[in-house]
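Take a look at the structure set out below.
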Amino acid sequence: IIFALIFIGKPLFADTKIEAGEVSGVWTGEGSPYIVQGTIKVEENKTLIIKPGIEVRFARKAKLSVNEGGSLIAEGTKDAMIVFSSNEANPSPGDWGMYEEGGIDSFGGSKVILKYCLVEYATNGIVCRAYAIGCDASDNYSEITSCIIRNNSYSGIYCRGTGSRLGCIPGKLGLCEPKIQFNLISGNGSAGIDCYSSRGFSSSG
């Protein structure tokens, strides 16, 4: 009987596999590490909350996308950071995410808060997008605070603003104005923070 009791119950270390598709809810320590198999998306009116100390590891080319109207709240602590990293046995820059889309990809109109997070081994670590389509603009005011963003193959943080005229006077702006403060950004391939504005006559990057 004693021997049987030792093997009853959940293992102390159990991966939680996350298939490609829509995600929301709360990720807690009981499920860590979370292994992301493909592109996961937080859609409009949905929220994904990631608790302190959680590890989220991504298969090759997998990524986390926060679409317009969706929310990602990943607030770790100084002693229990949230880790976003590669699931490869020997990780290297560019393992996860896609160029211009990045590992954590936030669109205009989304709510993204990253605090005390480690983001490493992606293409672009974090992408903040804002855009204007016709006469409507969707801005990006993500908050990236006290994070470590390192060893990504392109940029640590990539901010992109796109503008549009299409008969609108004045032309609408997609304002990409995240709050980026108190972060350690190092060892990224092309830039720590890269700001890009397309259609420069009417957009803000």
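Laboratory data are not the source of any read-out in this text; all were calculated from the coordinates shown. Because the structure is predicted, anything quoted here is derived from the model rather than measured. Cβ atoms come from the backbone with ideal geometry, glycine included; neighbour counts cover every protein chain shown.
Working from label points 7 Å from Cα in the Cα-to-Cβ sense, the Ile49 to Asp15 distance is 2.8 nm.
Rounded to the nearest Hz, the phi-derived 3J(HN,Hα) couplings of segment 130-144 under the Karplus curve 6.51 cos²θ - 1.76 cosθ + 1.60 (θ = phi - 60°) are 9, 8, 10, 10, x, 9, 10, 10, 10, 8, 10, 10, 4, 10, 10, where x marks glycine and proline.
On a per residue basis, the convex hull of the C-alpha atoms belonging to segment 98-205 measures out at 78 Å³.
Work out, in µm²/s and without decimals, the Stokes-Einstein translational diffusion coefficient of segment 102-141 at 25 °C, 0.890 mPa s, Rh from Kirkwood over C-alpha pairs.
Stokes-Einstein gives a translational diffusion coefficient of 218 µm²/s.
Restricting the calculation to Cα atoms, the chain shows an Rg/Rh of 1.05 when the hydrodynamic-style radius is the Kirkwood one. Could you compute the FRET efficiency for Gln37 and Arg165, with r as their C-beta to C-beta distance and R0 at 35 Å, rounded to 0.05? Efficiency, rounded to the nearest 0.05: 0.30.
In straight-distance terms, cross-link reach from Lys41 covers every one of the lysines whose alpha-carbon lies under 24 Å from its own, apart from those fewer than eight places away in the same chain; here that gives Lys17, Lys51, Lys61, Lys63, Lys111, Lys115, Lys179. Derived value for segment 128-184: Kirkwood hydrodynamic radius 12.5 Å. Basis is the mean of 1/r over every pair of different alpha-carbon atoms.
Sorting the segments 123-136, 91-104, 176-189 by their mean number of nearby beta carbons within 10 angstrom, highest to lowest, gives 123-136, 91-104, 176-189. Once C-alpha pairs closer than 8 Å and six or more residues apart are averaged by separation and normalised to the residue number of the chain, the relative contact order reads 14 percent.
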